[in-house]
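The values are calculated or read from the model by the stated rules, or taken from the named source; none is laboratory data. All of these numbers come straight from a predicted model, not from anything done at the bench. We place every Cβ from the backbone using ideal geometry, glycine too, and count neighbours over all the protein chains shown. We work out accessible area using only protein heavy atoms, side chains counted, and drop any ligands, DNA or RNA first. Shrake-Rupley method; radii C 1.70, N 1.55, O 1.52, S 1.80 Å.
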Amino acid sequence: MFNDIGPLELVTLIVLAVLVFGPEKLPKFIQDVTRTLRKIREFSDNAKQDIRSELGPEFKDFEFEDLNPKAFLRKQLDNDELGLKEIRSGFDLKREMADLTDSVNGHDTASSALPGPTSSAPAVAGGRVDMTKKPEPARDDRPPFDADAT
């Protein structure tokens, strides 16, 4: 519960508690707080047992921590029934990014570079998209300049 409190912070909290409650009332306050925490924990455990008994025997291995989306996803992705570990191990992000960078910059990669048409649209040839930049033809849409007209 308090895993991220350091020793200096703990000493500061103790000194602050002594100053606020006084040395006479502090032991009674600590007993009241621990008693309240025990009652809350007992109430929570009883509620969990009631929910499990109401759900029936098919939910006997149900864990309430699975209701947390992060824990649920982590548990499902670590399950190897889907073969995700094989997919993850077969995917080399650095190589894919290097191939993509080379094709965008127009460099030849280790695999065969496929020649594409001269249009600016990417071409699909043999299942690969040619993403190399093609020089666009120079177009001059401006009207001719007439110095005498101005």
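Over the C-alpha atoms of segment 35-74, what are the Rg and the largest Cα-to-Cα span, Dmax, in Å?
Reported Rg and Dmax, both Å: 12.4, 36.
Roughly speaking, to the nearest percent, how much of segment 8-92's 1.4 Å accessible area is carbon and sulfur?
The C+S portion of the solvent-accessible surface of segment 8-92 is 63 percent.
For the pair ILE5/ARG74, report the inter-label distance in nm, with labels modelled 7 Å from Cα in the Cβ direction.
Label-label distance for ILE5 and ARG74, simple model: 2.3 nm.
At GLN31 and ALA147, where each label point lies 7 Å from the Cα along Cα→Cβ, what is the point-to-point distance in nanometres?
For GLN31 paired with ALA147, the spin-label model returns 10.6 nm.
Write down the Å³ per residue value for the convex hull defined by the alpha carbon atoms of segment 2-80.
Hull volume normalised by residue count: 134 Å³.
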